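Notes follow the structure.
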Amino acid sequence: MRLKKIALVTASFCALASLLSPEFLMSGKGKLTPAVERFLSAGSNEPLKIWIYFNDHGEGNAAGLRRALSEVTLTDRAIVRRMNRSRGPLIDERDLPVSGAYLGELRSLGVRLRRASKYLNAVSAEATPAQIREIYRLPFVTKIDRVHAYRRSPVKEPGRSTETLLDQSRLAPGRERDRALTTAADYGPSQKQVDMINVIPLHDSNIHGEGVLVAMLDTGFNLRHEALDHLNIIAEWDFIFDDSVTRNQAGDVSNQHNHGTVTLSALAGYAPGALIGPAWGASIILAKTERVWEEVEGEEDDYVRALEWAESLGADVVSSSLGYLKWYTYADLDGNSAITTIAADIAASKGVTVVTAAGNEGPLPWPGIIAPSDGDSVIAVGAVDSSGFITSYSSHGPSFDGRIKPDVMAMGSYVVSASPSDSLGYTTAHGTSLSTPLVAGSVALLLQMHPSWTPIDVLNALRNEASNSATPNNEYGWGIINAYASALSGATGILENVVLDSKVQNQTVRITLTARGGPGATVNLQRRDWGVEVENMWSAYRVVEENIFVDSLSPHVFVERLPPGIYDYRVQLAFDISVVSDQSVQVRIPLGSHLGQSYPNPFVRSGSGRLTIPYTLGGRPIKSGESHTLSDHVDVSLAIYDVTGARVRTLFSELAPPGEYTAEWNGLDDRGVLVSSGVYYYRLSVSGSSFSRKLVFLR
């Protein structure tokens, strides 16, 4: 076989003629895409990076498929996200790995495999024309396509003589900063970019992205910067060198991690006085997918693999400034053709909100959007300047099938970011690459407040509250987003599915919060004590626990010990405390019968002095202003006994309601005679139960 392949490579012209013969093309029923056909027609003997698609996963039959699906495992985060936000099955064929047997056959042909994709049921590879011929004949191969690549267009700002991405001027001197964010946070020079999209009111409501997992797909990341040292990095992977190092390393050029550093800091940077990003409290996944030292910066198989990896880890949001253009035509940007668009839409179907740059192509040579921004389930972001006008480079729509693109806008000119080369320095950057993380960060805030929102829910909320929502077009889309208004849309309905359940044991109250069969929410738990008089209903409740996230899979249990009484519990939205639940749960902690120690003890009889005995009669608690009914009354008696057990004095025997009481004894027995000095016992009898204590009497 090896000799045959060598002969085919040597006789390239004959091989190519055979490969493109009508008989060959018909035998595979059009397995070759036009892009591959054009490459082969050019007569090159160089390897081509291709996608190889398979007709199944090697499972053999329906029973084998069911068995394979039953063996799929997901992370807990991915399960929760899919259950909350996916409208499809929890697990489907796109979760199955590519057949190992099929990959083995490709390796046996000498094909260099690159990335396997579950979403596409395909593998990317490098293959010579001769090897493509062999692959073509494999019965389990359905299609062979080219791996497309991209190169990010440089951004020119008006009046600037350079096309470099970064302006390395420092905006603020490096210094130690207080990490305690106050309600009037100092956004410094970054205030304009977050204020334009109305993020600050959400920060003032203590919403910073906590609990949301954001995946960044970019060139690499220099985390050794003061604005990034607070980040909670969940995972990172370099899809170029296949290791866990996403900062610059051996083999990288010096500016490899520049672009990723500025986009990450725009989204999640935190350095009061210089830079505060929308989602500085979010957890982060980092994927290094772009090469900056090659003419072609990145390839779509790296993007697809990184997207699948992030989704499998439970990412809620993906922010990507990648755009695939090379070898694509405008007709390919129909929302269903480009590989990255297909993968992004699949991720969205699994509950991931994908935010991507519309592109820096301007309106030419076609309406300038790039893949995957043409996807119908992704959020395509264009760029405006600091005055809210579209920049000259921001790509225009529509998609080839006529849908309005971009979807929304954010500031993309002179966006304040962390300097990749100075751990205390700051810079400005330009492009839809920078407007994208601002929107993605805002999405993280929306999902913190609305954990059950699907990607389409998020997209609609952003569109409906954006500045151009009344007249969307193919320059501005629906306009500049309004994060705060989008967050409030639908807020009053969030609490409808939050259910409270209560249990009381002795004086311990256990409140369980869950979202039953519907959206989850981040809420505060409030309690009202009915034994306390208040001026109004609003002041009657006080918060007993803040920022509780609950959904159908994540119930939350609150436990506290309280004195006897009546208490109501309800929830309010954590991000808007004016929104409270119409429903509450009430717990009643009954009074327990109790006999206290008499006083004074010893009791020295002097004149008309009396001994006081405190006691409590147990029973149903009532609210302030209410009265007990006759059915609440209990039989109660209190008597004094000497050390022999003989009754000395009956203080009372009656029906009485629950409550706290005191009784008095003057030292006289039932005959009115003063008793002798010594030790005595007093006994409280309540509905068949009795309580006794000792006292000392001195004459």
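Here, each number is a calculation from the coordinates, and none is a lab measurement. Given the structure is predicted, the values throughout are model-derived calculations rather than measurements. Counting neighbours? That spans all protein chains shown, and the Cβs are built from the backbone with ideal geometry, glycine included.
Tabulated data
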{"quantity": "Virtual spin-label span in nm between ALA331 and ASN232, 7 Å along Cα→Cβ", "calculated": "4.9"}
{"quantity": "Listed residue (GLY431, SER469, ASN360) projecting farthest to the positive dipole end of the stretch 191-488, Cβ model", "calculated": "SER469"}
{"quantity": "Trypsin sites (Lys or Arg not before Pro) lying in DSSP loop within the stretch 576-652, provided at most 14 other Cβ fall within 10 Å", "calculated": "ARG610, LYS623"}
{"quantity": "For SER452, residues with placed amide H under 5 Å, excluding near neighbours", "calculated": "GLY520"}
{"quantity": "GluC sites (Glu not before Pro) restricted to the stretch 592-699 and DSSP loop, no more than 11 other C-beta within 10 Å", "calculated": "GLU626"}
{"quantity": "Difference of contour (0.36 nm per residue) and Cα-Cα distance, ARG671 to ALA646", "calculated": "7.6 nm"}
{"quantity": "Two-decimal log10 I(q)/I(0) for the stretch 594-698, as the Debye equation yields it once each C-alpha is a single scatterer, q = 0.20 Å⁻¹", "calculated": "-0.99"}
{"quantity": "Gained length - LEU113 relative to SER578, 0.36 nm times residue gap less alpha-carbon distance", "calculated": "161.7 nm"}
{"quantity": "Along each principal axis, Cα extent of the stretch 196-243, largest first, Å", "calculated": "42, 22, 21"}
{"quantity": "Size of electric dipole in the chain: Cβ of Lys, Arg +1 and of Asp, Glu -1, about Cα centre, debye, nearest 20", "calculated": "1720"}
{"quantity": "Dimensionless Rg over Rh [the stretch 191-488; C-alpha; Kirkwood]", "calculated": "0.93"}
{"quantity": "Folded to 0 to 90 degrees: helix 339-349 orientation relative to the chain principal axis, Cα", "calculated": "20"}
{"quantity": "Cα gyration tensor shape of the stretch 25-117, rounded if a/c is under 1.5, else prolate or oblate by comparing a/b with b/c", "calculated": "prolate"}
{"quantity": "When the convex hull of its Cα atoms is projected in every direction, mean area for the stretch 441-506 (nm²)", "calculated": "6.1"}
{"quantity": "Whether the stretch 225-342 is rounded, prolate or oblate, judged on the alpha carbon gyration tensor where a/c under 1.5 counts as rounded", "calculated": "prolate"}
{"quantity": "Listed residues ALA250, TYR330, THR522: farthest to the positive end of the dipole of the chain (Cβ charges)", "calculated": "THR522"}
{"quantity": "Euclidean distance between Cα centres, the stretch 205-253 to the stretch 341-418, Å", "calculated": "23"}
{"quantity": "Within the stretch 656-671: backbone nitrogen closer than 11 Å to the THR612 label point (7 Å, Cα to C-beta)", "calculated": "662-664"}
{"quantity": "Inter-label distance, nm, simple model (7 Å from Cα along the C-beta direction), GLU37/ALA63", "calculated": "4.2"}
{"quantity": "Segments 113-121, 37-45 sorted - mean Cβ within 10 Å per residue, highest first", "calculated": "113-121, 37-45"}
{"quantity": "Largest-first principal axis extents of the Cα set of the chain (Å)", "calculated": "132, 64, 48"}
{"quantity": "Prolate/oblate/rounded call for the stretch 397-501, Cα gyration tensor, a/c under 1.5 rounded", "calculated": "oblate"}
